[in-house]
Structure formats: C-alpha cells, structure tokens
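All of the numbers you see were taken from the coordinates with simple rules; none came from a lab. Only a predicted model underlies this, so the values are computations on that prediction, with no experimental measurement involved. Note that we place each Cβ from the backbone using ideal geometry, even for glycine, and neighbour counts take in every protein chain shown.
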Amino acid sequence: MKLIKSIVRPNKVDDVKNALEKLHISGMTVTEVRGHGKQKGHTAIYRGQEYNVSLLPKMEIEIVVPDSMVEDAIKAIIEAARTGEIGDGRVFVLPVDETYKIRTGEKDVF
Amino acid sequence: MNEPQSVSAEPRSGAVLSPKRRLAEARTELSLATERGEGGSQALKQYSYRMDAMVEQLFNEAPRASQSVGVWALGGYGRRELCLHSDIDLLVVFAGEIGPADERFLQGFLNPLWDLGLTVGHHIREVGESVGLDGDNAEFLLALVDARPIAGDASGLERFLENTDAVATATHTLEQLRALITERHARFNGTLFQLEPDVKEAPGGLRDLFGAMTIAKLTDPALLKQGGAGARALADAEDFLLRVRSTLHLQLGRQHNILGHELQERVAESLRYPGTTPRQRVERLMSDYFRHARAIDRSLRWALRAAPVPVGNNLVRGSDGVKFVDVRRAADRPDTWLAAFQAAIDCGCAVSDETLTWLEQHAERFDPMDFFQQPWHRDDLLRFLRPRPGLYERLSEMHDIGLLGQMFPEFRAINCRVVRDFYHKYTVDEHTLLAIRNLEQLTTPVPERRRLSGLLSELAQPELLVLALLFHDVGKWRDDDHVSESSRMAKRMFDTLGLDPEARATIEFLVEQHLSMSHVAFRRDTEDPEIVRHFAALVGDEERLKMLCLMTLADVEAVGRDTLTPWKEELLWGLYVDAYNHLTHAYGDEVIHRNETALAAVIDGRPADLDASDIEAFLEGLPRRYLQLFSRDAVYRHIRHARDLRPGAIEAWIERQGVGWELTVLTRDQPFLFSNISGVLSSFGADILRGYAFTKSDGLVVDMFHFIDQERFLELNESGDGQLLSVLENVVSGRVDLAERLRRREEGAFRQRMPGTPPVVRCDNESSRRYTIVEIFADNEIGLLYRMSRAMSESGCDVDLVLIATEGRRAIDVFHLTRNGTKLSPPQHSELIANLQGVLEGRP
C-alpha cells in the first residue's frame with residue numbers, strides 16, 4: 001500500500017482526476033499549495049517594477065493505492081499532468097503501513 | 001413653507017375695500033381684541049390674514065411685471081405673529097432677470113405700502129441667482145425659515161432654494177442663530193430675571209422662543225416636544241408674551257417692547273390681572289412673566305443642546321442616525337430618499353430606525369422610475385455606489401426594508417434566494433451584498449491587499465463595478481443559466497437609470513464575464529501565452545481588466561469565509577499581470593485584416609454616407625485594440641474625417657467629456673507630431689490624463705487625448721477650442737515655435753516640482769514582434785508627455801503607438817517605437833534611456 005503525493009499545475013487537476021478515475025481510483029485529497037522546484041519561481045514585471053514570484057501556486061493530489069496499482073497510477077498522473085515545460089511538478093511515493101475508517105474504526109484491507 | 005390661507009375681508013355688499021380701509025379695519029379689530037386682553041396668538045393670526053389680503057390686493061393692482069413673480073411673508077409676518085406696529089418683512093422672487101417693467105411693478109407694489117405708513121423690510125431676488133445663501137446676512141436667513149407665500153407665483157422660492165446648498169444654508173443659519181443668541185444674551189448679562197424686561201429681546205423673550213422654534217424647524221420638528229419645558233408650556237408662554245407685546249404696542253402707539261415699571265401697571269390692568277392694588281396686579285403679572293420666560297429659556301437651552309445636525313436637504317443627523325426633518329415633505333418625494341443613505345455614509349452613521357420603518361411603510365407606493373425621475377437622480381445613485389466604508393451596511397438597510405427591491409425589482413427576485421450548490425455559504429442576495437462589502441474593504445488598504453486596493457483606487461468609475469456586482473447574480477432566481485439571465489435583467493436597469501452607452505457596455509461586459517477570469521486563472525494553463533492572449537482579447541482594455549479582476553476577487557471571496565485563499569489570489573493576480581502586460585505591450589502586433597469578422601461588423605452597421613471601401617481602407621492595419629477603445633459612432637466619425645483629409649492638413653476637434661475634455665486629431669504622420677500635439681495642450685495648461693495614439697503603416701495618425709482644462713481656458717473662452725486648434729495647426733505646420741510657448745510654463749513647473757517617486761524608464765524588445773516598447777513611470781506634471789516624446793523623436797525614433805494613463809499623481813505611458821521601420825538596437829536602447837532619464841531629471 002502506497003501514498004502517492006503529486007504536485008501538479010493547478011489547471012491539470014481535472015485531467016489527473018479523470019485519468020485516475022479511469023483506473024477506478026476515486027478517493028483522493030486535493031490541496032492548494034505553494035512552492036517551487038528547481039525553477040525557483042520567476043521574475044514578473046508590472047509597470048516597470050520587477051518582482052520575484054518565488055512560491056508558485058500548485059495543487060497537491062494525494063491518493064492511497066495498493067502496491068499492485070502504484071505503477072499504473074504514477075503513469076496516469078504523469079501523462080495527465082505533463083506539458084513538457086519547467087514547472088510540471090513532482091510525484092512522491094511513500095509507504096503506508098495501515099489505514100482505518102474513522103466512522104467504523106474498521107481497518108482497511110488491500 | 002406653509003401654504004397660505006385666506007380670510008374673506010370683503011364687505012358683504014361685494015364692494016372692494018381700499019388698502020387703506022383694509023389696514024384701518026384690521027388695526028381696529030386687533031386694537032379691540034388687545035383692549036379686551038386678547039391680543040395673543042389668535043388675534044395676531046387674524047391680523048396677519050387681513051394683512052395678507054391687503055398685500056395681495058396691492059400686488060394685483062400694481063403694473064404687470066414682465067415675468068412670473070411671487071411675494072412671500074418673512075419672519076414674524078411669515079409665522080402670522082404680526083403685532084400692531086411690527087415691521088412687515090417681504091420677499092419678492094422673480095423667475096428671471098429683472099427688467100424695466102418689473103421695476104415698475106415693484107414701485108407700484110411697494111410704494112403704497114410705505115404710503116400707508118407701514119415699515120416694510122423687503123428683499124428682491126431672482127430665481128437664477130447662483131449666489132449661495134450661506135453668504136447672506138443672519139437676519140435674512142432666519143426670516144427665510146418662516147417664509148410663506150402670499151401672492152403671485154408660489155413656486156419661485158422653492159426654485160430659488162434649489163440653486164443653493166441646503167446643508168450649507170441650514171448649517172450657516174443655525175450657526176448664525178447661535179451667535180445672535182449669545183450676543184443678545186450678553187447684552188442682558190445672561191439672565192432672564194430682568195425687572196424691566198424687553199419681552200422681545202431679553203433672555204426668555206419672544207426672540208428666544210422663535211430661536212428654539214427655528215432650531216426645531218431646521219432640524220427636528222418634534223424636538224421641543226421631547227425635552228425642555230414641553231410644547232404646551234411653550235404655547236402658553238407664546239400667547240402670554242404676545243398679549244403683553246400687543247398691549248405695549250397699543251398703549252404707546254408704536255413699536256415698543258420694554259415692559260418698564262410704569263407700563264407694568266397698565267399692562268396688568270389691561271390683561272385683567274386680579275388684585276386690589278396696582279402693586280398686587282403687577283406682582284402677579286411679572287410672576288407670570290418670569291414663569292413663562294423660564295419655560296422658554298429651558299426649551300431654548302434644550303434645543304441648543306439636543307438639536308440634530310443638518311446633513312442634507314430635509315435631513316439631519318441625530319443620536320439615532322440620519323432622519324428626515326419633515327417626513328410629510330419626503331413622503332411624496334421618493335427621489336430624495338437615497339440622500340438619507342448617502343448622508344449616513346458621509347457621516348459614518350446609520351439611518352435612524354424610525355426613518356427606516358417609515359421608508360418601509362411608504363416604499364411600496366412607488367415604481368423604479370419614481371426614484372430616478374431626472375438624470376441627476378441617476379448621478380446621485382452612481383455617486384452613492386462608489387465603494388467606501390458604510391456602503392454594504394446602507395445597502396443592507398435598503399434591502400431589509402424593501403427599498404432596494406422597489407428601486408430594482410430585479411434584485412427583489414433574489415431576495416433570500418437559496419441555491420444549493422454545496423460551496424456557496426449564503427443566500428444569493430447576501431452573497432451579492434457581501435461581494436460589495438469585499439470591494440468596500442479594499443478602500444481601507446491593509447498591507448497584504450495593497451496591490452488590489454491600488455487597482456480599485458485607479459478605477460475611473462468604480463461605481464459601475466458596484467452596479468455590476470449588484471446585478472451579477474440576479475439571474476439566479478431561475479435554476480438554469482444565470483449569467484445570461486442576469487445580463488438580460490441588467491439591461492432593464494439600464495433603461496430605468498438612463499445610463500450612457502459606455503456605462504451600459506461596461507456593466508454588461510462585467511455581468512456576462514464575471515466567471516471568466518476565475519475560470520481562466522484556476523482552470524487554465526496561464527503560463528501558455530495563447531491562453532493569456534485570448535483572455536486579454538476578451539477583456540479588451542486595462543480598465544475593464546482591473547474591474548474584472550476586482551469583481552472576481554470580490555465575488556469569490558463572498559462565496560464563503562475561506563473561499564478566497566492566498567493561493568487563489570496569487571493565481572488571479574498572476575493572470576491580471578500577464579493580461580495587463582499583453583494589453584499594453586503586445587497589442588501593436590494584432591492588427592485588423594481585410595475579411596476579418598470585426599471589420600465585417602463595422603461595415604455591416606455603417607451609415608449610408610460611408611462606403612465599405614472607405615471603412616476597409618481606414619481600419620486595415622490599425623491595431624484591433626482601436627475598435628475596443630472607440631465606440632462605433634466614433635469610428636464612423638474618424639472614417640469621415642480621414643476620407644476628407646487633405647495632404648498636409650489636420651482634422652481635429654475638441655469636445656467636453658464628463659469633467660474633462662477630449663482632443664481628437666487625424667492627420668498624416670510627420671516628425672515630432674505626437675510631441676507637438678501634447679506640447680500644444682500643455683501650453684494651454686491642459687493636464688493630460690489619458691490618451692491613445694495610433695499610426696498606420698500608410699502614415700495615417702489617429703490620436704485622442706483626454707485632459708483636464710486646469711486653467712479653465714476652454715470653459716471661460718467661448719472660442720477657446722478654435723484658438724487651441726489654430727495654435728495646433730500653426731505648430732504642426734512649423735509656423736509657431738512651440739518650445740518658446742512652453743518655456744516659461746516649464747520653468748514654472750520645474751520650480752514647483754515636489755519631491756516624489758523616482759521615475760522609471762523601461763525598454764522592452766521582447767514583448768512585440770514589430771516594436772520596441774518604452775514604458776515610463778513618473779510623477780505627472782505639465783509638459784511631461786511633450787518632453788518625453790520630443791526626446792524620443794530627437795533620438796531618431798518614430799512614435800507609432802502610445803497609451804497614456806495617469807493614476808493618482810503617477811503618469812504611466814507606454815510608447816511603441818521604431819527607428820527606420822525596425823526595432824531599436826541595444827546601443828540605441830541605451831542612448832534613448834539615457835536621454836529620457838535626463839529629461840525626467842530636468843537635465844538640459
């Protein structure tokens with residue numbers, strides 16, 4: 001069982017969601033985040049004043065999938081979120097030991 | 001003003017009495033009543049009615065005036081408290097300028113009054129006199145409070161007063177009254193307990209009573225019932241003092257108001273005071289006098305202390321908020337109601353509960369058109385809607401009592417409307433009002449919102465944004481496409497208000513596109529230049545972009561408390577900056593081509609005198625932005641002038657636009673043309689606020705400058721526009737040396753230069769395919785545009801396109817330049833920037 005954490009462009013969230021739904025992955029957490037990768041933001045100019053936009057708006061999508069689906073899920077996310085330009089984002093994969101349903105206290109079995 | 005009542009004073013035979021006989025009979029009647037000890041309020045009222053009849057007769061018998069004229073009773077006569085030997089104060093109001101026939105009328109009317117031995121105080125006024133009443137003397141202002149029409153045109157005074165500033169006049173009248181009371185009391189050592197009192201002037205006398213009544217009349221008619229000695233005690237005091245005064249006038253046969261020791265016995269006897277000795281009768285009379293004087297004094301002090309403050313025509317601010325002085329006067333004038341809410345915003349308080357309840361009871365009687373009968377009512381509404389603290393609260397009050405819904409039935413359609421969509425947290429009407437509150441909050445900037453507050457402060461007409469917000473969701477009364485329905489409903493409001501075409505287009509755009517910016521910012525890849533280009537094309541110009549950005553922000557923030565996250569705000573701002581830069585830098589590359597839709601639309605709607613070929617020839621090659629900046633009518637007008645343009649000639653005209661003026665110029669390009677035009681405007685003291693300059697590849701130039709006529713040259717000179725255009729022609733043709741014209745003015749400007757923000761000059765060769773872009777950000781001053789553009793021409797540059805904007809004290813000018821038909825090289829950049837910096841720093 002893995003937690004897949006993807007940082008993507010804000011406008012790519014719907015595409016990623018659709019791609020994951022095709023894999024029957026519908027549970028996810030989407031969060032507005034700000035940050036930067038290698039590009040370290042960029043310089044914007046407004047009325048002659050330059051200012052550095054260091055933390056760029058991105059979306060974070062978290063899903064938890066069985067080990068058997070990790071590869072497909074990562075592939076779907078990357079294909080949906082890619083533009084080929086700097087700033088397309090990152091995918092992190094983390095191990096998950098156990099998960100529980102809060103309402104029932106029931107332990108999930110994958 | 002009270003309506004006149006008339007009494008029949010004619011003999012039963014039907015014969016008309018002479019004025020002399022009328023006066024004599026009136027005096028006899030009052031004298032007899034006074035002798036009976038009954039010369040109080042009732043007798044004086046009757047005497048005043050008889051005097052009215054006599055004045056009306058003299059008015060009718062005077063030679064006819066050449067125009068409408070009315071006569072008004074002022075002061076004590078206006079209150080119908082005319083004593084036997086009181087002065088008669090009259091106001092004569094003419095509809096227009098007084099001519100010889102009117103002077104004959106005045107002589108024929110006033111001379112007989114003097115011949116009758118009356119002491120007449122008269123004031124002559126014309127309705128059109130523009131001098132404010134706040135400059136008038138105190139006595140006249142106070143007398144005017146009790147003005148009452150007697151004869152002739154009864155509407156003249158109202159029209160005369162309409163020309164004055166009601167608040168200033170009422171405030172000034174009250175200030176003058178307070179000063180007069182203080183001064184008068186000082187003459188009596190500040191005490192009412194005078195053993196030989198002046199029943200008119202002394203503290204606690206008639207003047208104090210009328211002072212208290214005047215304060216109440218100007219501020220709150222119920223004031224004297226709410227405190228002081230009370231209305232009943234005042235009425236008794238008034239009647240007593242008038243009976244005493246009438247007796248004094250009768251006893252001495254002249255105007256005399258001092259109740260001296262000797263007269264006290266005669267008055268006590270005349271007023272039938274009981275007592276076996278004169279001393280007993282006098283003691284009882286004077287005891288009554290002091291009791292009444294004390295009541296008046298107490299009420300006057302209460303009135304001075306508790307009177308609300310005048311804040312508008314028929315409006316005052318009391319401890320519970322803004323209210324009408326005379327609700328009966330307001331009842332049939334729904335067009336005046338908005339002023340109560342405007343005054344509340346101006347005063348930073350609420351509209352009083354009592355007034356809100358009253359408005360709620362009366363609002364249903366009226367239709368939208370009743371609130372906006374005249375163009376100035378629309379202007380009042382737009383002024384009211386300017387975002388500032390208090391607007392949300394006042395609009396909410398208006399909505400709560402149903403007034404907003406009566407003014408705009410479209411808004412009533414979303415009253416408490418619930419749309420279950422799981423992200424809106426409030427009803428549709430409250431969401432709308434909260435969106436306006438969000439905008440309002442930007443007027444008191446906090447550091448994290450400074451850039452958005454700046455955008456709001458730069459808007460020329462932020463009230464249109466508020467109006468658009470008010471209507472952006474009215475279509476949600478239906479369950480389907482609310483945007484189209486909101487737009488349709490907004491159009492009905494346009495007709496109610498009689499908005500001008502530009503305002504209609506702006507509001508329509510904002511309502512129809514109010515979801516577009518959030519859609520692009522949150523759901524599209526704004527790093528794709530094509531997405532930004534499309535969005536910028538949709539918006540059209542910077543002003544609309546700013547409005548749409550602020551509307552989106554206010555709208556999203558009003559969905560729920562945490563809906564507008566810093567994350568979303570950053571996305572919106574990023575799109576705004578990209579679109580702004582695209583609009584100001586890249587528009588020169590997007591020109592109108594033959595066969596494109598926008599061109600076809602202009603051709604299809606053309607007037608009969610224009611051929612399709614004229615339109616094609618004119619528009620082809622101009623930036624598309626030209627069509628977004630000018631109305632269709634303006635475009636056709638430009639085409640006509642371009643068609644008629646002779647070689648070497650200039651087609652130019654000046655028109656008033658709002659508080660400013662617009663100069664439009666069509667001509668063929670030549671070196672220094674732009675700097676010459678802007679320089680000529682500066683030489684007449686014009687402050688150029690915004691403008692556009694377009695140069696086509698065939699050399700045709702279309703320039704438009706919007707400016708403020710700071711020295712009122714155009715306003716004060718009937719042929720001022722002709723003179724300016726003549727100088728322009730002479731300068732452009734080289735017959736007049738502009739530098740010489742400007743030298744002295746520029747020297748003055750340099751001397752007066754205030755320390756400000758350092759200027760910024762930025763050169764950009766990347767944003768446009770065809771042009772080098774030079775942006776200048778500097779403190780605005782006379783001649784700045786001239787000097788900058790001249791420096792560019794002197795550096796060998798062609799000024800092809802210009803956007804001129806002024807925001808506060810800051811000039812923001814964007815020039816699109818070429819040199820010999822191409823962009824500038826890096827060394828040419830450096831040279832130009834050095835030259836421009838030198839000009840900005842005032843170096844020769």
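First check a/c for segment B:796-844, with a ≥ b ≥ c the square roots of the eigenvalues of its C-alpha gyration tensor; if it is under 1.5, answer rounded, and if not, answer prolate when a/b is larger than b/c or oblate otherwise. In terms of gyration-tensor shape, oblate. Between 0 and 90 degrees, the angle of helix B:462-471 with respect to the longest Cα principal axis of chain B falls at about 90 degrees. For segment B:188-307, the calculated P(r) over all alpha carbon pairs, in 10 Å bins from 0 to the bin holding the longest distance, is 14, 44, 29, 11, 1 percent. Peptide B:520-526 is shielded by partner chain Cβ atoms: per residue, an average of 4 of them sit within 10 Å of its Cβ.
By the rule of a C-alpha distance below 18 Å, with chain neighbours fewer than 8 residues away ignored, the lysines paired with B:K823 are B:K696. Listed peptides A:21-29, B:776-784 appear in the order B:776-784, A:21-29 once ranked by packing, highest mean of other Cβ atoms within 10 Å at the front. Working note: Cα atoms of segment B:272-419, range along each principal axis, descending, whole Å: 87, 33, 30. A simple count of charges around B:R533, restricted to other residues whose Cβ falls under 14 Å of its Cβ and scoring Lys, Arg +1 and Asp, Glu -1, yields -3. Taken about its Cα centre, segment B:19-164 carries a charge dipole of roughly 600 debye when the Cβ of each Lys and Arg holds +1 and the Cβ of each Asp and Glu holds -1.
By DSSP, what percent of the beta bridges with both residues in the protein assembly as shown are antiparallel, rounded to the nearest 5? Among the beta bridges of the protein assembly as shown, antiparallel pairing accounts for roughly 90 percent. Shape descriptor for chain B: Rg over Rh equals 1.10 (Cα atoms; Rh from the Kirkwood inverse mean 1/r).
Taking a sphere under 14 Å around the Cβ of A:V16 and counting the other residues whose Cβ falls inside, with K and R at +1 and D and E at -1, yields a net charge of +1. When a/c is below 1.5 the answer is rounded, else prolate if a/b is larger than b/c, else oblate, so apply that to segment B:645-840 with a ≥ b ≥ c taken from the square roots of the Cα gyration tensor eigenvalues. The shape class here is oblate.
Rounded to the nearest 10 degrees, the angle from helix B:566-581 to the longest Cα principal axis of chain B is 70 degrees. Principal-axis analysis of the Cα atoms of chain B puts helix B:501-512 at an angle of about 70° to the longest axis. Seen from A:G87, the other residues with C-beta closer than 12 Å to its C-beta sum to a net charge of +2, counting Lys and Arg as +1 and Asp and Glu as -1. Each principal axis of the Cα cloud of segment B:572-616 was taken in turn, and the coordinate range along them, longest first, works out to 45, 19, 15 Å.
The packing ranking of peptides A:84-96, B:26-38, highest mean first, is B:26-38, A:84-96, where packing means the average number of other beta carbon atoms within 10 angstrom of each residue.
The calculated Kirkwood hydrodynamic radius for segment B:72-159 is 13.8 Å, given to one decimal from all distinct C-alpha pairs. P(r) tail for segment B:367-586: Cα pairs beyond 21 Å make up 53% of the total. Pairs of Cα atoms nearer than 8 Å and 6+ residues apart set the relative contact order; for chain B it is 6 percent. Between the listed residues B:V539, B:T119, B:Q837, the Cα displaced farthest toward the positive end of the dipole of the protein assembly as shown, a dipole computed from Cβ unit charges relative to the Cα centre, is found at B:T119.
Using +1 on the beta carbon of Lys and Arg, -1 on that of Asp and Glu, and nothing else charged, what's the dipole of segment B:429-558 about the Cα centre, debye to 20? Rounded to the nearest 20 debye, it is 160 debye. Using the rule -39500 (n - 2.57) for each DSSP H run of four or more residues, divided by the residues of the protein assembly as shown, the 222 nm mean residue ellipticity is -15000 deg cm²/dmol.
Convex hull volume of the Cα atoms of the protein assembly as shown, normalised per residue: 259 Å³. Inter-chain neighbour count for A:48-57: the average number of beta-carbon atoms from partner chains within 10 Å of each residue's beta-carbon is 4. Shown here is the pair-distance distribution of chain A: with all Cα-Cα distances grouped in 10 Å bins from zero up to the longest one, the shares run 13, 40, 28, 13, 5, 1 percent. Across all directions, the average flat footprint of the convex hull enclosing the Cα atoms of segment B:388-445 is 4.3 nm².
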